[in-house]
Structures are given as C-alpha cells and as structure tokens.
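For reference, the structure is listed below as structure tokens.
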Amino acid sequence: MRLLFCFLVWILAGCASQNTDNLYERLGGEQGIITIVDNLLYVIAEDPIIRPLFEKTDLDRFHEKLSEQLCEVAGGPCIYTGDDMVEVHAGMAMNNRHFDAMVTALDQAMQDAGVTFSARNAMLARLAALHEQVMQETVIPN
C-alpha cells in the first residue's frame, strides 16, 4: 500500500506541475476552501475508518485551522496558525489505512466542490509532503 501511495504521489506531482496558475484560485479561493472543508466534515462523518479519529475533536476549530492550512498550502493569502502536524496527530494511533482514507475523503470533498482533476491532484501532491509529520506516531498495525 505504501508503494502504491508513493507511486500516486509521484504521478500527482507530475500532473500538478503541468498547470502553473494559482492553485488557491483553482480551488475556488477562500469560499472554495471553506466549501471543501465543509464537504470533508460530511465525508468524515460517514466514514467508519476515520470518523473515530474525530470523536473528541472541536469541529469548529478543526474547520478553521484546516481551512487556514489548505489556503496556505495552496498558495493563498492565509497563514496557518494551528499546531504543528506532529503535535496535532500525536497519540491518535493512526496507520496508513487511516491516512489513505483521509486522502480519499479529501479528494471526494474537493470533487463535491467541483474542483478539477488537475487542481485536486496538485493539492494532494502538496499535502503528501506532510505524510511523515502526520504519521510520526503510528502505533496500530495496518
């Protein structure tokens, strides 16, 4: 599964580099990112793999900080003011199954927001750089 993930990131990075316009704008700007995060919360609520990871999460704060982070990662005018990824995910006992499910959920949320295939790929490729930070404390076997 990890090899497949790495291959997909490589492919996505190639697709992302083909379009050099502003990713933030391609995601729909501020309102587009808010819609993506709204959609993501609905997808998470229906996903039996990742929903348990969010049972004790302050969803308003999650929405705010993830919106900031996606905006910043996409090259928008935002500055992420949340905790670092290692700290946020510490003790969550995530494994690659969780990570893959979250990537799929985010892709679905972007599709539901009408984001193009190339913009979705560009965003996922940029977020792939956070994999090691997010998975710093993997304690559950796949």
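The values are calculated or read from the model by the stated rules, or taken from the named source; none is laboratory data. This is a predicted model, so every value here is computed, not measured. For neighbour counting, all protein chains shown are included, and Cβ atoms are generated from backbone atoms with ideal geometry for every residue, glycine included.
Can you tell which of Asp58, Asp83 is at pLDDT below 85, over 12 Å from the mean Cα position of the chain (by Cα) and more than 12 Å from Leu130 (Cβ to Cβ)? Before you say what the answer is, go through the steps one by one.
Numbers: Asp58 fails: at pLDDT below 85.
After applying the criteria, what remains is Asp83.
So, of the residues in segment 34-61 that are over 26 Å from Gly76 (Cα atoms) and basic (Lys, Arg), which turns out to be surrounded by the most Cβ atoms within 10 Å (Cβ to Cβ)?
It comes out as Arg51.
So Glu72 clears everything in (1) acidic (Asp, Glu); (2) more than 17 Å from Ala122 (Cα to Cα); (3) modelled with pLDDT of 90 or more except one condition, right? Which one?
Against the list (1) acidic (Asp, Glu); (2) more than 17 Å from Ala122 (Cα to Cα); (3) modelled with pLDDT of 90 or more, Glu72 comes up short only on (2).
For residues that are over 17 Å from Leu124 (Cα atoms) and of a type in the set (A, V, I, L, M), scanning just segment 75-89, find the one that is surrounded by the fewest Cβ atoms within 10 Å (Cβ to Cβ).
Filtering first and then ranking leaves Ile79.
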